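First up is the structure itself, then whatever we jot down about it.
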Amino acid sequence: MQEYDPEAPRTSTAAGPLIVPRPEHNISRANISEQALKVLYKLKQEGFAAHLVGGGVRDLLLGHEPKDFDVATDATPEQVRQVFRNCRLIGRRFRLAHVHFGREIIEVATFRAGGADDVDAERHVENGMILRDNVYGSIEEDALRRDFTINALYYNINDFSLIDYTGGINDLRNGQLRLIGDPTRRYREDPVRMLRAVRFACKLGFAVEPDSERPLFELGHLLGDIAAARLFDELIKLFHTGYGLETFEKLRHYGLFGYLFPATETCLAQEDHAFPITFVSRGLRTTDERIAQGKPVAPFFLYAVLLWEPVRQRYEQLLAKGTVDTDAMLQAADEVCARQQPLVSIPKRYSLPMREIWYLQLRLLQRDGKRPSRLIGHPRFRAAYDFLVLRAEAGEADPELADWWTRYQEADPANRTTMIEGSVKRKRPRRRRKPAAASPIAG
C-alpha cells in the first residue's frame, strides 16, 4: 500500500492505491446525504465493502454540493436487494440496485471487473462498444474500468479514508480531465464518454488532457451508434447544468454538435442577411441565467431553441412556394422533427409543446379583436412569448411586436383595449399591400 505524502503528487503506483487518511482530506460525513450514509453503514453491518464513489466524492473534494450520491460495493445486486427491502434492480446493460428513500434514490453498483476483451454471457462487446457489462470483480478492477480519473475516487466508510487507483486526486488538484486507459478505445467502448468529457470540462472548468482530447475531433461519428433515447437524456444533462452556452460552443469546437443536430449545424454554418445566426446562443445563455437564478427550465423549450433555425428556414421555403403560413409551419415542423428523431429521440410529452411554441409564433402576430386576450390564456403562451423575445433579441423577429406583448401583459383591461385598437390602425396600411414573398414571422 502506498504511503500518503501531502506534499507529493497524488498518483498511484503498481505497489497499490494511494490511501489518503481522514485527517488529510476535506470530506465530512456532515456533507453526505443521510440516506447515503444509511446505505453505507447497512452494507458494512452486513459484512460487505461499502464506498462512496464517483461524482459525489469528486464534488465534495472540490467543495461543491453533490447532486446525488452513488455507492460501490462487493455485494451483488441480488444481495443488495436482500439487504434493503426498499430496493429495486434496474438495467440490463449495467445491472444496478436503486435503494429508495421517498424521492431520494441511492444508486448502488457492484464492483465490476475485466477489460472489454473478456466476453462471456454477462459481457457483450460489439465493434469495440460495450453493450452489456455485468462481470463483477475487485475494487481495483472497478476503478480501472471507470471513465475519468476524477470519477474513480472511493470514500471508504470503514475508516473514512480516500482510495485512489488512477491518479484522480492529482488530476483534481491540476484541474485536468483525463480518461483512464487508452482514450480511443475507451471512447469506442462508449461514445457517450465524449459528451461526458465536454460536460465535465464545462461544469468543472477543467482542461481536457491532450491525449484524451485528441480523439474528440475524430470520433464524433460514433455517436450515431448510440440509442436516440439515451442521447436525449445525455443532452438534458449537457444543457441543463447552467453551462449550456459553453457546452454548445465546445461541442461545435470538437465537431460533435453536427452529429447530434445536423440540420441545425448546417443552418448555423450560414449567415442570414450577412449576419451570423445567434438565436441558439442567446437561447442557451437565457437558460443558463434562469438556472443560475433558481428558476425552472423545460426540455421542450431547449429543443424548440435548438431546432428552430431549420424549422424557420424550411417554413420560409414553403411560404415562397405559396403554401399557407399555418400549413407551412406545421409541415416544416413535421419534416425537421422526422429527421431529428432517429438521432435524438424527443418524447411526445416534450415534442408536442415544442411544436406549440413554434405554431404560436404565428398567432402572436394577431393583435386584433379578442385574439390577444384568448391567446394570453393559452397554457403555452408564456413559453411562446419568451421565445418571441429571444427571436427579437437575435434580430430575427420584430422588436416592436415583442415589446407590444410585453406591455399588453402588464396593462389593465382598459389599456389593453386601447392597445388593440391602436394595433389595428397601424396594421391597416400594410393590409393594402399585395401578398409578398416576405415571411409573416420574419422581423
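Does Ala298 satisfy being touching a Pro at 6+ places or on another chain (Cβ under 8 Å) and either crowded, with 21+ Cβ neighbours inside 10 Å or touching a residue at least 12 places away in the same chain (Cβ under 8 Å) (or both)? Yes. Of all residues in the stretch 388-409, those being among the charged types (D, E, K, R), out of contact with any Gly (no Cβ under 7 Å at 6 or more places or on another chain) and within 19 Å of Ile357 (Cβ to Cβ) number 2.
When the residues of the stretch 313-330 are filtered to those that are among the polar types (S, T, N, Q) and crowded, with 16+ Cβ neighbours inside 10 Å, which remaining residue is farthest from Pro353 (Cα to Cα)? Walk me through it before giving the result.
First pass over the stretch 313-330, keeping only residues among the polar types (S, T, N, Q): 313, 317, 323, 326.
Then drop every residue that is not crowded, with 16+ Cβ neighbours inside 10 Å, which leaves 313, 323.
Values: Gln313: 20, Thr323: 23 Å.
Here the answer is Thr323.
Taking the stretch 169-221 and the helices (runs of 4 or more DSSP H) fully enclosed by it, the elements with 3 or more residues that are under 18 Å from the mean Cα position of the chain (by Cα) are at 192-204. For the stretch 399-439, enumerate the residues that are modelled with pLDDT under 55 and within 23 Å of His378 (Cβ to Cβ). Correct list: Lys427 only. For the residues Arg146, Arg178, the requirement of being closer than 27 Å to Asn26 by Cα and modelled with pLDDT under 95 singles out Arg146.
When each of Tyr187, Tyr165, Tyr155 is tested for being buried (at least 20 other Cβ atoms within 10 Å of the Cβ) and in contact with a His (Cβ under 7 Å, 6 or more places away or on another chain), the lone residue that passes is Tyr155. Look at Thr278 and say whether it is more than 16 Å from Pro342 (Cβ to Cβ) and surrounded by fewer than 19 Cβ atoms within 10 Å (Cβ to Cβ). Yes: the conditions hold for Thr278.
The values are calculated or read from the model by the stated rules, or taken from the named source; none is laboratory data. Model, not experiment: these values are computed from the prediction. So basically every Cβ, Gly included, is an ideal-geometry build from the backbone, and we count neighbours across all protein chains shown.
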